[in-house]
Structures are given as C-alpha cells and as structure tokens.
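Single-structure report; data block below.
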Amino acid sequence: MAEEKKILGITDELIEKCVRCGSCRQVCPVFNVTHEEPSVARGKIFLADLINKGKAELDREAAHFFNLCTTCLRCAEICPVMVDYEKIIISARARAVEKFGLPPEKAAAVKLFSNRNLLETVGKLTSPLTKLFTKKSNSPQNRLLPVNVPKLGKVLLPQPSSKPFNDRDKVFPAKGKEKGKVIFFTGCMFNNFYTETAENVVKVLNALGYTVFVPREQFCCGAPAFFSGDLKSFEKMKEKNLKGWGEEKADFIVSACATCGHVLKGEYRELEIPVKELIEVLYENIEEIGKWKLPEKVKVTWHHPCHIVRGQKIPRHYPLDVLKVLQNVEFIDMPEADNCCGMGGSFKLSHPEISKEIQLKKARNAESTGAEAVLTECPGCVMNIAEGLERIGSKKKSLHIADLLAECLK
Ligand code: SF4
Ligand code: SF4
C-alpha cells in the first residue's frame, strides 16, 4: 500500500531516506558561505521531517530556510542514499506558498515572466532606456548600471530586446541536406533578452542540417514559478505551452537553456516529442563540428550549468569534447567547473549577498584559467558569470556556446 502523504505533501519514507551523514555539507555552495546547518540539505530535510510529522510548525522562519537554496542539486548528486532532494524542497516550498504566498521578489519575477504581453511591453519600453542609461559590459548583450549598488558593487542587466525573437511563427530551413525538423523552445530569456544568441542557436542548428521551427505560441517554461513552489502558476504556464506547440510535428524539441531543458524533460510529461538540450545535439554532431574553424585562435573555458549536469544528468565530457574538436580553440579546464554560479533563478533576488559570494568564487576560478572567454549553455549562467567577471575587474567575456560556434559560420 502506498504510504500516506503528510503535511508537506510528501511521504515520511521520502524524507527518512536521509541518513544524516552530512556529505552534502562538503558540496553545498550556500553552506560554504553561511556555515549554518539550515542552509544545507541535511538541515532542511531534518526540518521537513519535523513539519511533516506535525512536530514543528511550517512558519515563516521555516519557509525562509526552505528558500535558502539555489537548487543546484550538488547535495543530491553526492548523497550516498540518493535522497530525492528536489522533490522534498519543491513540496516544502509549495506548502509554504499555499500558506504565506510568494515572497515579494519571487512574486514579481513570476508575474513578469508568466505574462508574455507584460514582458514584451517592458522590453519595448526599457530597450532604448537601457542603451541610454547603462554602460557597456565586456560580455556582449549585457549592460552595467552606471553606479555601484551598496553591498553588491557592479550590477549587470541583460539588454532587453524591443521586439521578441518569436514575434511570429518562424521557420528557418536547414542548410544543405535536411537531417531533421526541430522546434526551438526559446523560453523567456532568448525571446526577450538574448535574441542574438537565439539567432546563433538557429544558425548552428541549420548548419548541422536541421530545419528549425520557432512557434509564436510559446511562453516561459514556468521555471521561476516551479522552483519557487508556486505550482498553480507553473501548471498554467505548462498548459499554455502545451497548447501552443505541443502538437507540432518535429523530431525533437531543442532547449538552449539548462533550466528550461531540465523543466521540460522533468515536468512536461505530456509531451510526445523528445526534448534535447543543445549540447546533446552538438555532441551527436561532433564529427561535423570538427570541420568548423574559428576565424582567430581563442582560449576558452567551460562552466557546467547545474541543471545540465545534475538536473538533466548530461555527461560532463559532452561540451568539453565539442570544444576540443573545434579548430582554433584552446580549451582550458576551470577549477570547480560544475559548482553553481550563484544565480539559482530567483535566489539571486531573494539572497543577493550570498549569491554574490558564490558568484565571485566562480568568477575567480574562471579568471585563474587565463582563458579569454567563459562558455556555458544557459542564459542565466551567462548573465551571472558576466556580472561576476565585471565585479572582480576581469576583462574576460561570458558567452553562450552558440555565440562562439556561430563565429565559425560567418
Ligand atoms: S548527503 Fe544525503 S543522506 Fe547525507 S545528510 Fe545529505 S541528504 Fe542526508
Ligand atoms: S541544492 Fe545546492 S544549494 Fe540547495 S541544499 Fe543542495 S547543495 Fe545546497
């Protein structure tokens, strides 16, 4: 008989799997900054256990501790008994949201990203203002506030686009012999901010022989709502997306954002077409990419997004092998390349100072490589690493891998 779900909407069995060994303390980026037990998975699971059994109350302080986490899943990866940490933390957050609502900064993020018209209007209005009132960053498509913010220092914003990338249904035919048809799930970051990277993703897929369909009727994947525990808003976003493009005829859906890919693969179970992360498509086509050459020699390093290596469990050697076959590229390993960049979706908004400490560690590790560019495959990581590099005074660029690959196709 299935065990009863309790106060947090999960079974005691799920929680009691934790043997309290404390291995997660060695890898948790938040614990590494705070050194406090409630920051780490073990502390949160202990708290969840008490609440689930009615021995402690789900109060605002408990809700705060459940939010003190970037959902990087490093704890889940190292855990010797494979505790399903993501399920526990999302369930706990969901019950906290039911009781207290979303914290204001998370509510604002969910409201903005779940409303396409609002996001597009904000983009239209702020695009020219951002160019006027902010400074150029070393990383393209990003801007810096003209003045430093107390306790944070330099603050970077992605340049909003005055026109969304998916302003209408678009079809981009394959170059040469067609290998397949794909849907590019652009999500909100590519549609409204990193539109040049979105173009580059399409160019790369076309060059590899894929015809790319970009449906107008696609929305934010719902990740900001899902990871905040606002599961009602998440379900609405999912429903809209499935209605918009779920029936399209394609061989697979491509995501070029680690978090979108993780959410689509894990939570969009109704999808009948497989989802692939761009890095998987690149790896499948590594022979072809081996023929590509950058116009000039460049030294690069790689940051592994949490939601690619742990969320989607994509092998770490995929991006490294792809970069190593590219001509005119020198690849340099980054220390702790798979540590979180500190972004954690709205974690950066809710805990800016802890997020900054994690981010600076990433930027210093990147700086130590001597590479000219830090590459990754997630717009959120691109943005946060770009800001970290600016904060430590580095001249390095933070780029999406599609931006580098598109250079080979000019
Ligand atoms: S590593 Fe796993 S079992 Fe050990 S304390 Fe952390 S969550 Fe519990
Ligand atoms: S998901 Fe990451 S930040 Fe959260 S408890 Fe686990 S290791 Fe720490």
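The values are calculated or read from the model by the stated rules, or taken from the named source; none is laboratory data. In this text, all values refer to a predicted model and were calculated from it rather than measured experimentally. Neighbour counts are summed over all protein chains in view; Cβ atoms, including those assigned to glycine, are modelled from backbone coordinates with ideal geometry.
Just one of Leu112, Leu118, Leu50 is within 24 Å of Pro352 (Cα to Cα) and not polar (S, T, N, Q); which is it?
Leu112
Look at the stretch 293-334 and say how many of its residues are surrounded by fewer than 23 Cβ atoms within 10 Å (Cβ to Cβ), touching a Gly at 6+ places or on another chain (Cβ under 9 Å) and assigned to a strand (DSSP E or B).
2
How many residues are assigned to a helix (DSSP H, G or I) and crowded, with 24+ Cβ neighbours inside 10 Å if we restrict to the stretch 203-222?
Total meeting the criteria: 2.
Any chance you could count how many residues in the stretch 81-102 are assigned to a loop (DSSP other than H, G, I, E, B) and more than 22 Å from Gln312 (Cβ to Cβ)?
Number satisfying all stated conditions: 2.
What is the residue count in the stretch 25-63 for residues that are within 19 Å of Ile90 (Cβ to Cβ) and touching a residue at least 12 places away in the same chain (Cβ under 8 Å)?
Residues that pass the stated criteria total 21.
Among what's in the stretch 148-194 and is within 23 Å of the chain's Cα centre (by Cα) and of a type in the set (Val, Ile, Thr), pick the residue that is nearest to Ala256 (Cα to Cα).
Among residues in the stretch 148-194 that are within 23 Å of the chain's Cα centre (by Cα) and of a type in the set (Val, Ile, Thr), the one nearest to Ala256 (Cα to Cα) is Thr186.
So, of the residues in the stretch 230-266 that are small (Gly, Ala, Ser) and surrounded by 23 or more Cβ atoms within 10 Å (Cβ to Cβ), which turns out to be nearest to Gly380 (Cα to Cα)?
Ala258
Suppose we filter Phe46, Phe113 for residues that are under 19 Å from Ser233 (Cβ atoms) and either within 14 Å of ligand 1 (Cβ to nearest atom) or not assigned by TED's automatic domain parsing to the domain that holds Gln359 (or both); which single one remains?
On inspection, the qualifying residue turns out to be Phe113.
State all residues of the stretch 335-358 that are part of a helix (DSSP H, G or I) and either under 14 Å from the mean Cα position of the chain (by Cα) or within 13 Å of ligand 2 (Cβ to nearest atom) (or both); if no residue qualifies, say none.
Phe347, Lys348, Ser350, Ile354, Ser355, Glu357, Ile358
I need a count of the residues in the stretch 11-43 that are more than 10 Å from ligand 1 (Cβ to nearest atom), among the small types (Gly, Ala, Ser) and surrounded by fewer than 21 Cβ atoms within 10 Å (Cβ to Cβ).
0
Quickly run through the stretch 202-230 and pick out the residues that are farther than 20 Å from Ala258 by Cα and hydrophobic (A, V, I, L, M, F, W, C).
Correct list: Ala207, Leu208.
How about the stretch 107-195: which strands (runs of 3 or more DSSP E) wholly inside it have at least 2 residues that are within 24 Å of Asn384 (Cβ to Cβ)?
Result: 142-144, 156-158, 180-185.
Just give me the residues in the stretch 238-263 being of a type in the set (A, V, I, L, M) and modelled with pLDDT of 95 or more, in sequence order.
Of everything in the stretch 238-263, those that are of a type in the set (A, V, I, L, M) and modelled with pLDDT of 95 or more turn out to be Ile253, Val254, Ala256, Ala258, Val263.
Results for (1) farther than 24 Å from Lys99 by Cα; (2) aliphatic (A, V, I, L, M); (3) assigned to a helix (DSSP H, G or I), shown as yes or no for each residue.
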residue	(1), (2), (3)
Cys18	yes, no, no
Val30	yes, yes, yes
Val33	yes, yes, yes
Pro38	no, no, yes
Gly43	no, no, yes
Gly54	no, no, no
Glu61	no, no, yes
His64	no, no, yes
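Scan Ala92, Ala109 and give me the residue that is at pLDDT 95 or above, aliphatic (A, V, I, L, M) and touching a helix residue (DSSP H, G or I) at 6+ places or on another chain (Cβ under 6 Å).
After applying the criteria, what remains is Ala92.
For Arg116, state whether it is within 16 Å of ligand 2 (Cβ to nearest atom) and either modelled with pLDDT under 95 or among the basic types (Lys, Arg) (or both).
Here the answer is no, as Arg116 does not meet what is asked.
When the residues of the stretch 63-87 are filtered to those that are surrounded by 16 or more Cβ atoms within 10 Å (Cβ to Cβ) and charged (D, E, K, R), which remaining residue is nearest to ligand 2 (Cβ to nearest atom)?
Arg74
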